[in-house]
1. Considering each residue of the stretch 361-420, count those that are part of a loop (DSSP other than H, G, I, E, B), β-branched (Val, Ile, Thr) and modelled with pLDDT of 95 or more, and give that number.
2. Just one of the numbered conditions (1) in a helix (DSSP H, G or I); (2) modelled with pLDDT under 95; (3) more than 24 Å from Leu42 (Cβ to Cβ) is not true of Thr87; which one?
3. Can you name the residue in the stretch 7-22 that is hydrophobic (A, V, I, L, M, F, W, C) and under 16 Å from Ala109 (Cα atoms) and, of all such residues, is modelled with the lowest pLDDT?
4. Let me confirm something: among Ile96, Ile130, which residue is out of contact with any helix residue (DSSP H, G or I) (no Cβ under 7 Å at 6 or more places or on another chain), β-branched (Val, Ile, Thr) and surrounded by fewer than 21 Cβ atoms within 10 Å (Cβ to Cβ)?
5. Checking the structure you have, find out if any residue of the stretch 219-232 is of a type in the set (A, V, I, L, M) and in a strand (DSSP E or B).
6. Determine the pairs where a residue that is buried (at least 16 other Cβ atoms within 10 Å of the Cβ), located within the stretch 60-82, has a partner that is small (Gly, Ala, Ser) with Cβ atoms under 6 Å apart, the partner being 6 or more residues away or on another chain.
7. Can you spot a residue in the stretch 326-337 that is out of contact with any Leu (no Cβ under 6 Å at 6 or more places or on another chain), closer than 15 Å to His282 by Cβ and at pLDDT below 95?
8. Mind telling me which of the residues Leu258, Leu291 ends up being within 21 Å of Tyr348 (Cα to Cα), surrounded by fewer than 17 Cβ atoms within 10 Å (Cβ to Cβ), within 21 Å of the chain's Cα centre (by Cα) and in the same structural domain as Glu197 (by TED's automatic domain parsing)?
Amino acid sequence: MIPMKLSEVLTALQEPDANDCLKIEWDKAMRAMPSSIPSFLLPGEFKTSREWAGFGPELDALLESGAARIRENPALMCLTWYYHWRTFDCADESLIDAPALEKCLGEWAGLPFLLIALSWIPKLRAYHRILGVPENVTRETGLQVSSYCSNYQRSHGGHYGIMTRQMRWLRNYVGKNLYFRIGRMEYWFKEFDGELEVYRHIENSKVVALMAGGLAFGADGFRDVSKGTDPGAWTSTLEKTDREARGHPVLPAGKVSLQPATLPLAEWKCVLKKGDGILDMHIPAGGNMTLEKCGDSMRRAVEFFRQYFPDKKPSAFLCKSWMFSPCLEEILPPSANLVKYMRELYLYPNEGVDRTLWFVFLQNQFDPATAPRETSLQRAVYDYVTSGHLWRTGNMFFLTDDLPHFGTGFYRGNFPAGLV
């Protein structure tokens, strides 16, 4: 492999306008480029990796053809190496966009990035061997590559590839992190950031969350995004003494009350606070989020950490996602799997607005003129947003001790009457 200047590569690939997104660390990547063909471009590796990533043997011929075209094109080889190095080895963690590559590769334009993503599989397998986790968990975690590929296919006419904005996330599964897919969901052991505190009644086990202090809210009980123009804006407070905790309670459906509540500590115990261990839950693409599959995944995750990492004792599951937007219960029917799942969780507001529409429409910037409306979810979100409504992201938690109650609507059905 012979390093090339960025300008030479872009000229050869007919991508002269891509300079800005590639110039970061280009020279350093070229200095790190090996003299021989990287193993991820050789069939012996990528055929094994595609199987661990959830693809069938029908993909082999396409991968072989794509890898051969890369190996035979010095400019494409340099570009592919650059993205591999930026994804896994570069200290700069900024998002990197990719030139279309359609002029030189046509419908195969996404294959270099799929091959790069597959090169994560050997790294994942090696890391999991060190951790001593079972092979089935490694295989489930490896499915993230096919999950990412499904996103690419949805937005590129069924062709294979990976969006470069998603590849960077693959670094999070290795290194020093404990991050695994177990069943339908993924779980990353972390410390809670403390945006709220959660209390359980000592006698009846009811649960109340109080928002942390110093957060801006609008009159509607959601995180304020008006930048001071909402006349009803207010700021949360949370005060604690040896006897009581006083703050703004969160209703389990996701809004925060303007009226503070007082919890006597002789009756209420704090069960989730800043610094506690939690399982940061992520939801791979793929649908089929039935209550049975979601509940099974959560129960398996607790058992998995209890068996393989007994020193890690997660108090709760947490997730920040477009999937827990309070808007979804307005636009989807009660029978929708996602709505059923949301009603099992304790929702609370996120300050994010609009940006996670990417996961619905797979557009870097939502464009009503071109946004796809192929699914019922896309149509419902499209109608909601284009009608002038503000789209919000959302958060959720679910205490691990409450798993026996999963499926009963425990948090909404047992919220203390008269508290707000």
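The values are calculated or read from the model by the stated rules, or taken from the named source; none is laboratory data. Please read these numbers as outputs of a predicted model, since none were measured by experiment. Backbone-built Cβ (ideal geometry, glycine too); neighbour counts: all protein chains shown.
1. Initially, the stretch 361-420 is screened for residues part of a loop (DSSP other than H, G, I, E, B), giving 362-375, 387-391, 406-409, 414-420.
Checking the rest, the ones that are also β-branched (Val, Ile, Thr) come to 370, 375, 408, 420.
Applying the additional criterion that residues be modelled with pLDDT of 95 or more yields 408.
Selection size over the stretch 361-420: 1.
2. Every listed condition holds for Thr87 apart from (3).
3. First, the residues of the stretch 7-22 that are hydrophobic (A, V, I, L, M, F, W, C): 9-10, 12-13, 18, 21-22.
Next cut, under 16 Å from Ala109 (Cα atoms) only: 9-10, 12-13, 18.
Values: Val9: 94, Leu10: 92, Ala12: 93, Leu13: 92, Ala18: 76.
Ranking the candidates gives Ala18 first.
4. On the way: Ile96 fails: out of contact with any helix residue (DSSP H, G or I) (no Cβ under 7 Å at 6 or more places or on another chain).
Going through Ile96, Ile130 in turn, the sole match is Ile130.
5. Let us first name the residues in the stretch 219-232 that are of a type in the set (A, V, I, L, M), namely 219, 225.
Subset that is in a strand (DSSP E or B): none.
Looking through the stretch 219-232, none of the residues is of a type in the set (A, V, I, L, M) and in a strand (DSSP E or B).
6. Taking only residues 6 or more apart or on different chains, the pairs are Ala75/Ala12; Tyr82/Ala29.
7. Checked the stretch 326-337: no residue is out of contact with any Leu (no Cβ under 6 Å at 6 or more places or on another chain), closer than 15 Å to His282 by Cβ and at pLDDT below 95.
8. Details: Leu258 fails: within 21 Å of the chain's Cα centre (by Cα).
The match here is Leu291.
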